[in-house]
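Let me begin by presenting the structure, written as structure tokens, before commenting on it.
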Amino acid sequence: METWAENLYSPAVFPSTRWMVVLAASRGTDEEAAQAWQELANLYWYPLYAYVRRAGYSPEDAQDLTQGFFERFIEKQTLARVTPRATRLRSFMLVCLSNFVKEKAKFAKRERRSPQGGLVSLDGPDVEERYLAEPADELTPERLFESRCARAVLDLALTRLQEHYRQRGKVELFDLLLKHVVRDPDRVRHAELASRLNLSHGVVRNEVLLLRERFARLFRQAVAETVAEDEVEAELRHIVTVLTRG
């Protein structure tokens, strides 16, 4: 049976955005840059925080360091120095964070930081609660970062997919298809879904195919926003491998 992961490698279904978010953050207008920075922060905040926590820092210090890193990143216009064809964004972010943490440790600066100018606004569940829910494994900070980056890309694609269905008034359809097609693709039961949705078997089969194609397109788009065009396929395979191993 074809799964969502197999769909990812069909070039015909993917338009590439090629560092759209990165370029907007480094070269756009103030409004464009603020939105782009927010998208980057939403994508990378938790993986970076988890890296710092796994490196042995307390929740308070990890939050300070992560927030301070983003502030420094913005103030120094760090992304302007990125060469898309030579750099994967997740790798670049991790190197910059590692250097920032080492610098802070060297000078023993422990001042409390908070967002300035509204450039990065971070909402959502408490990151420490999320970190405490992590499995008790032996992943290094670097491996944990990569794992959570992969999950962040997957979640971004799912959020965009959900919005696609919400705009069309098909939230119930999305919820059912997500459960049976994306999260558990080997247990799709077209007849069961058709009965629950009061649709024909053929219509449900087509909806399943459409959802997989849309999800694959959105997943590739999310990946393409952080690597050069000729790196998309390799990054896709890397992320799928990371997600598969958990």
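Quick notes
- Qualifying positions in region 196-246 - of a type in the set (Gly, Ala, Ser) and either modelled with pLDDT under 80 or within 30 Å of Trp37 (Cβ to Cβ) (or both): Ala216, Ala222, Ala224, Ala228, Ala234, Gly246
- Residue match in region 98-121 (condition: closer than 23 Å to Asp230 by Cα and either within 19 Å of the chain's Cα centre (by Cα) or modelled with pLDDT under 70 (or both)): no
- Hey, Glu225 of a type in the set (Asp, Glu), over 19 Å from Leu161 (Cβ atoms) and in contact with a Ser or Thr (Cβ under 7 Å, 6 or more places away or on another chain) or not: no
The values are calculated or read from the model by the stated rules, or taken from the named source; none is laboratory data. No experiment lies behind these values; they were computed from the predicted model shown. We place every Cβ from the backbone using ideal geometry, glycine too, and count neighbours over all the protein chains shown.
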